[in-house]
Amino acid sequence: MLPVIVVHGGAGHIPRERSEKSMSGVCYAARAGYSLLQGGASSMDAVVEAVIQMENDPHFNAGRGSVLNVKGDVEMDALVMDGKTLASGAVSAVRNIANPVQLARLVMDKTSHACLTAEGASKFARAVGIPEVSQESLITEYARMRWTKNLAPDANPVESQMGKMGTVGAVAVDREGNIACATSTGGMLNKMEGRVGDTPCIGSGGYADNQTGAVSTTGHGEAIMKVTLARLILFHMEQGQTVEAASDVGLAYMKSRVGGLGGVVTVDPQGGWGARFNS
Ligand code: ASP
């Protein structure tokens, strides 16, 4: 069955006029990751490549196309995790870079830390030669329109996002049986400055362990963190549930326990996979 890659471009209702573009974006990303895997690349290389493709695609809430915070700025979160060593790398509330997932991987590969945030993450990006890009280049007209709409005093940004989440992520198993995950997001619409969601938090936005499998999540970050959704699903797999059943049980628990909606992509070490959502 190996190798396998599963990607997501967020869970929720995608407006009709955007669905074709979203669909072609996830297909393109899956193919980019899969062709690396077929050529013998690692699952880590594959998930990072797939996520970079979706960060570069303005139809997703990651990289260019990210939602805006309440001030109208882009602050992004990303995570990678390597299931062989349990090494992980993350960045949170990072600005002015095109591909936060690439920076998360460098945090894993080149520092002794698991997460760098805000200005510290930017300094690290400069130190490792990642080019700075302008805020403007990350902001789409669609993101600005949704920001403006949600500035209204009676707006409900969380509700408004529930239908249209476009965080991106990927999980993969390579020919060697190594497993990895990657997740990247602009976060929640009109969030407070400095808000950090589930995405860069290990066990919430993603988790990978060669012994059990990998998960990348999307949905309301504050709810996902309450139940550590990625790790919860892997716990159910450790207890003998299939990929799909464990994913459904985890999502159902998040809904019944804290009223949270979301979606996940999941793989197991044999290459079994699932893409489940309740949003
Ligand atoms: N989980 C992300 C966050 O709360 C949002 C999303 O998945 O769309 O930052």
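The values are calculated or read from the model by the stated rules, or taken from the named source; none is laboratory data. Since the structure is predicted, the reported quantities are computational estimates derived from the model, not experimental observations. Positions of Cβ are backbone-derived with ideal geometry, glycine not excepted, and every protein chain shown enters the neighbour counts. Note: areas computed on protein heavy atoms with side chains; ligands, DNA, RNA excluded. Shrake-Rupley method; radii C 1.70, N 1.55, O 1.52, S 1.80 Å.
Quick notes on this structure:
- One quarter of the surface of the convex hull around the alpha-carbon atoms of the chain equals 13.2 nm², the direction-averaged projected area.
- 16 Å reach of a label modelled at GLU238, 7 Å along Cα-to-Cβ, counting backbone N of segment 244-264: 246-247, 250
- The residue among MET81, VAL171, VAL258 whose Cα reaches farthest toward the positive pole of the charge dipole of segment 4-277, with charges on the beta-carbon of Lys, Arg, Asp and Glu, is VAL258.
- Mean residue ellipticity (222 nm) of the chain, computed from DSSP H runs ≥ 4 via -39,500 (n - 2.57), nearest 500: -12000 deg cm²/dmol
- Count Lys and Arg as plus one, Asp and Glu as minus one, and take only other residues whose Cβ is under 11 Å from that of ASN210; the net charge is then -4.
- Å² per residue, accessible surface of the chain at 1.4 Å: 42 Å²
- Cα-based Lys proximity count in the chain, under 26 Å, for pairs eight or more positions apart or on separate chains: 18
- Prolate is the label for segment 200-279, because a/c, from the alpha-carbon gyration tensor with a ≥ b ≥ c as root eigenvalues, is 1.5 or above and a/b exceeds b/c.
- Solvent-accessible area of segment 1-153 (1.4 angstrom probe, protein heavy atoms only): carbon and sulfur portion equals 54 percent.
- Over the chain, relative contact order from alpha-carbon pairs under 8 Å, at least 6 apart, %: 24 percent
- Local electrostatic count, LYS84, Cβ distance below 12 Å [Lys/Arg +1, Asp/Glu -1]: -4
- Percent of Cα-Cα distances greater than 20 Å, calculated over segment 19-155: 50 percent
- Top positive-direction residue, dipole computed over the chain with Cβ charges, set ALA104, VAL67, ALA46: VAL67
- Charge tally in the Cβ shell below 15 Å around LYS123, where Lys, Arg are +1 and Asp, Glu are -1, LYS123 excluded: +1
- Applying 0.36 nm per residue to the separation of ARG16 and GLN270 and subtracting their alpha-carbon distance, the gain on full extension is 87.9 nm.
- Potential lengthening between TYR253 and ALA87 on full extension [0.36 nm per residue; Cα-Cα distance subtracted]: 57.0 nm
- Size of electric dipole in the chain: Cβ of Lys, Arg +1 and of Asp, Glu -1, about Cα centre, debye, nearest 20: 380 debye
- Across segment 191-279, Cα pairs under 8 Å and at least six residues apart give a relative contact order of 28 percent.
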